[in-house]
Amino acid sequence: MMRKDPQPLPNTRFPPERQPGEPSSPKHGRPNKPMPPVFGTAIPPRGLSGAIRKLAYRYPDHYPRHWLLMMLGDRVDSWGTRVRRLLPVAVPLAVLGFLGSLVRR
């Protein structure tokens, strides 16, 4: 099979013109100033999932350890929500089961 060299599309400007202006990238006024944390402080992390997320923010974004800890924090938070939702049903059932076992004796 014969390969052809890449050609620009028929209606394109060639060579392409550079866009005016400066490229946007997050910069600080001081070169050694650290970037702010990603999470907001309106609702600070709380509980076990918050502690895991705070631990994750100690590592740079390019470490897999950072993202694995962030995902673990999300999983812990979702399981905590499930437990909190089922708690009003589970506690009375456990009490009834306990009282039922006392009555049988």
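Numbers at a glance
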read-out	value
Single unsatisfied condition, LEU68 versus (1) assigned to a loop (DSSP other than H, G, I, E, B); (2) modelled with pLDDT of 90 or more	(1)
Pair list, Cβ < 7 Å and 6+ apart or interchain, from the stretch 72-96 residues that are on the phi < 0 side of the Ramachandran plot and surrounded by 10 or more Cβ atoms within 10 Å (Cβ to Cβ) to residues that are part of a helix (DSSP H, G or I) and among the aliphatic types (A, V, I, L, M)	LEU72/ILE52; GLY73/ILE52; GLY73/ALA56; VAL76/LEU48; VAL76/ILE52
Filtered residue count, the stretch 37-57, keeping only those that are in a loop (DSSP other than H, G, I, E, B) and at pLDDT 90 or above	0
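The values are calculated or read from the model by the stated rules, or taken from the named source; none is laboratory data. None of the values given here were measured: they were computed from a predicted structure. Quick reminder, even Gly has a Cβ in these numbers, built from the backbone with ideal geometry, and neighbours come from all protein chains shown.
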